[in-house]
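Here's the structure, in structure tokens; my notes come after.
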Amino acid sequence: DMVLLMSVNPGFGGQSFIPHVLDKIRKVREMIDASGRTIRLEVDGGVKVDNIGEIAAAGVDTFVAGSAIFGAADYQATISQMKANAA
């Protein structure tokens, strides 16, 4: 039903997105699409307003964003901007 790719080293929040995970995302998206199955592709770690668009373009459709939201002064504005950037 879902494939989760970690885009940080698990263990603590606030880490930066590991850029080479984008290549893994693209490969996994190709595999999912070739399977013909309805499978969500989720990424967890380092997802922020400024990189969510690139991550979505690589093939992710489900995002985990902790520090980017909970560290923001305005949760609603941050979530709205993330949604817009991911679209």
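The values are calculated or read from the model by the stated rules, or taken from the named source; none is laboratory data. Model, not experiment: these values are computed from the prediction. Here the Cβ positions follow ideal geometry from the backbone for every residue, glycine too, while neighbour counts run over all protein chains shown. Please note that ligands, DNA and RNA were not included when accessible areas were found on the heavy atoms of the full protein model with its side chains. Shrake-Rupley method; radii C 1.70, N 1.55, O 1.52, S 1.80 Å.
Considered as a group, the residues in region 32-48 that are closer than 12 Å to Val3 by Cβ and hydrophobic (A, V, I, L, M, F, W, C) include one that is surrounded by the most Cβ atoms within 10 Å (Cβ to Cβ), and that residue is Val43. Close contacts from region 70-87, counting a first residue that is part of a helix (DSSP H, G or I) and a second that is among the β-branched types (Val, Ile, Thr) and open to solvent by less than 70 Å² (accessible area, probe 1.4 Å), with Cβ to Cβ under 6 Å and a gap of 6+ residues or different chains, come to Tyr75/Ile69; Thr78/Ile69; Gln81/Val49; Met82/Val49; Met82/Ile52; Asn85/Ile52; Ala86/Ile52. Scan region 18-29 for residues that are open to solvent by 30 Å² or more (accessible area, probe 1.4 Å) and either without any contact (Cβ under 8 Å) to a residue 12 or more places away in the chain or closer than 13 Å to Gly45 by Cβ (or both) and jot them down. Selection gives Ile18, Pro19, His20, Asp23, Lys24, Lys27. The single condition from (1) of a type outside the set (Val, Ile, Thr); (2) in contact with a helix residue (DSSP H, G or I) (Cβ under 9 Å, 6 or more places away or on another chain); (3) under 16 Å from Met2 (Cβ atoms); (4) not in a helix (DSSP H, G or I) that Arg29 fails is (4).
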